[in-house]
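In what follows, a structure is listed as structure tokens, so that the remarks can point back to it.
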Amino acid sequence: MSIAGRRVLVTGGGSGTGADLALGFARAGAAEVVICGRRVQALAATAAQHQAIRALPCDVTDEASVQDLFAKAGRVDIVIANAGQADSAPFARTTLAQWNAMLAVNLTGVFLTFREGLRQFDGWGRLLAISSTAGLKGYPKVAPYAAAKHGVMGIVRSLALEVARGPVT
């Protein structure tokens, strides 16, 4: 599959894996790579590295923010749900706020990003989620993170079956 002429959206694109993906797609000939995240300075620094990268602020835990992101980005062909956050604590000391924060960014963020991406596809489209080995097995002291990443794997598997007979994968 050629990336040339495709428009790509990457959540969490200001640093780490997201920034690497954005730069890789831009260098591979994507027409435009839209990156988003909450850290505006990190987004700007990544966008400054290639003329095909455009940065937009977005909080993937907020439905209105994700909808606004897709409205401002315009139609994209490839949507990568990469935004994530990790936290650790012994399970007995994990607070409800920590639990909710991990699910919000790591699971709800994927749901909202995929839903809006799927809604705006015009026929062909690709949805990708960046998960973790924590989505395949558990690790000590990261139960909320692992639960969220297991959920991501469930979303991907279920959605793949839902769209399997069409041009979206």
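The values are calculated or read from the model by the stated rules, or taken from the named source; none is laboratory data. The structure presented is a predicted model; accordingly, all values stated were derived computationally and were not measured. Reconstructed Cβ throughout: ideal geometry from the backbone, glycine too, with neighbour counts over all protein chains shown. All accessible areas refer to the heavy atoms of the entire protein, side chains included, with ligands and DNA or RNA removed. Shrake-Rupley method; radii C 1.70, N 1.55, O 1.52, S 1.80 Å.
General remarks:
- Among the residues listed as Arg119, Arg115, the single one being of a type in the set (Lys, Arg), under 13 Å from the mean Cα position of the chain (by Cα) and either under 29 Å from Arg54 (Cβ atoms) or not in a helix (DSSP H, G or I) (or both): Arg115
- Residues that are open to solvent by 70 Å² or more (accessible area, probe 1.4 Å) and either assigned to a helix (DSSP H, G or I) or over 18 Å from Glu116 (Cβ atoms) (or both), drawn from segment 69-94: Ala71, Lys72, Gln85, Ala86, Ser88, Phe91, Ala92, Arg93
- Filter result (modelled with pLDDT of 95 or more and crowded, with 19+ Cβ neighbours inside 10 Å) within segment 122-148: Gly125, Leu127, Ala129, Ile130, Val142, Ala143, Pro144, Tyr145, Ala146, Ala148
- Test result for Asn106, under 14 Å from the mean Cα position of the chain (by Cα) and either open to solvent by less than 20 Å² (accessible area, probe 1.4 Å) or without any contact (Cβ under 8 Å) to a residue 24 or more places away in the chain (or both): yes
- Residue within segment 43-54 that is within 29 Å of Gly154 (Cα to Cα) and open to solvent by 50 Å² or more (accessible area, probe 1.4 Å) present: no
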